[in-house]
Structures are given as C-alpha cells and as structure tokens.
Amino acid sequence: MKNNQMKLLLLLGLTFMIPNLVSAQISNDPFFEYIYEIDSANNRKLHLNADIMPTFIDTSLTFNKFFIQNFKYPSIDCIQTRIVITFIVESDGQITSKKIINKIDCDITNEIMITLDRLPKMKPGLIQGKTVPIKLTYPIILESIS
C-alpha cells in the first residue's frame, strides 16, 4: 500500500494513560500516592505520576501531534496494529530508554524507533518542586485505509 493510502490514528485511551494524564495533583493530599517502579539497571525510582507531568517545551505540541507529524508509514501491507511505546523523561528533560513494549503484527519497528529518536527534550516532571525521572507509556493505533 502507498503512503497516501495510510491513515495514522493515535488513540490515547484513559485506560492506558491514567497515570500519565495526571497533572497538577495536590501533593499535600494525604490520599495521593506517587506511583513508581524501580529501574533495575540503575536501581532508581521511575515515577509514573507526579505533581506536574512532563510536557513538550513547545506548549502547542502534544505527543499525538508530534507522532503524526514525524511518523512516516512505510509502504508495507499492514492492516491494523496496536503499538505500545514507553520512554523516560529524565530529570533534565532528556528522552531515554525508548522502547516498543508489545509484539507488532508487521515490520514497522524501525520507523517507530526513528520517530521516537526525534522526540525533543521536554520540560521534566515535578514532585514537590523537584524534577524527577518519569516513565511515560502511550498506546498508538495504526490503521490502514483503502
């Protein structure tokens, strides 16, 4: 199929994004918990939520918009595939540990990784006024149209 026959749909469902949609939480709320996982390679906390979540420095940019603008759908026959990607926004805003975390139905891994490599530096996440590494996870739906 040709590139102009492909349509890229980015569906960021609440069921997948709950920790990542939280922004501006009240940190003095006694019921609010910071969710994190331990990065076994570096033995450090990777937060999944924060008082202020990472954002693009260009505030007009969203992950959806960035991905649509930068992803070049390869000319392969791929009817539909759901992809889940993850990356870390470090305390200094650098993007690291970019990964595809599920099996993909067709071979578009290279183009997805090229797109993720284009992610710009971001404003880091904040917990109680301190920058922390935040692990973000996004589901992406790529769908072919005829």
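Laid out as a table, the results:
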| quantity | calculated |
| --- | --- |
| Number of the condition not met by PRO139 [criteria: (1) in contact with a Gly (Cβ under 9 Å, 6 or more places away or on another chain); (2) closer than 20 Å to ASP51 by Cβ] | (2) |
| Test: residue in region 112-120 that is in a strand (DSSP E or B), modelled with pLDDT of 90 or more and of a type outside the set (S, T, N, Q) | no |
| Per-region count, region 38-69, residues under 14 Å from ILE88 (Cβ atoms) and touching a Gly at 6+ places or on another chain (Cβ under 7 Å) | 4 |
| Residue selected from region 80-127 under the condition free of Cβ contacts under 8 Å to residues at least 40 places away in the same chain and open to solvent by less than 10 Å² (accessible area, probe 1.4 Å), by the criterion nearest to the chain's Cα centre (by Cα) | LEU116 |
| Residue within region 56-79 that is in a loop (DSSP other than H, G, I, E, B), farther than 27 Å from GLU37 by Cβ, of a type in the set (A, V, I, L, M) and open to solvent by 20 Å² or more (accessible area, probe 1.4 Å) present | yes |
| Verdict on LYS121 being touching a Ser or Thr at 6+ places or on another chain (Cβ under 8 Å) and under 23 Å from TYR36 (Cα atoms) | no |
| First in region 38-54 and more than 16 Å from THR131 (Cβ to Cβ), second anywhere and open to solvent by 30 Å² or more (accessible area, probe 1.4 Å) and part of a strand (DSSP E or B), Cβ under 6 Å, 6 or more apart | none |
| Among residues of region 81-98, those that are outside any loop (DSSP other than H, G, I, E, B) and farther than 16 Å from LEU48 by Cα, counted | 3 |
| Every residue from region 80-118 that is within 25 Å of TYR36 (Cβ to Cβ), of a type in the set (Lys, Arg) and out of contact with any helix residue (DSSP H, G or I) (no Cβ under 7 Å at 6 or more places or on another chain) | LYS99 |
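The values are calculated or read from the model by the stated rules, or taken from the named source; none is laboratory data. All figures in this text were calculated on a predicted structure; none of them were measured in a lab. For neighbour counting, all protein chains shown are included, and Cβ atoms are generated from backbone atoms with ideal geometry for every residue, glycine included. For accessibility, only protein heavy atoms count, side chains too; no ligands or nucleic acids. Shrake-Rupley method; radii C 1.70, N 1.55, O 1.52, S 1.80 Å.
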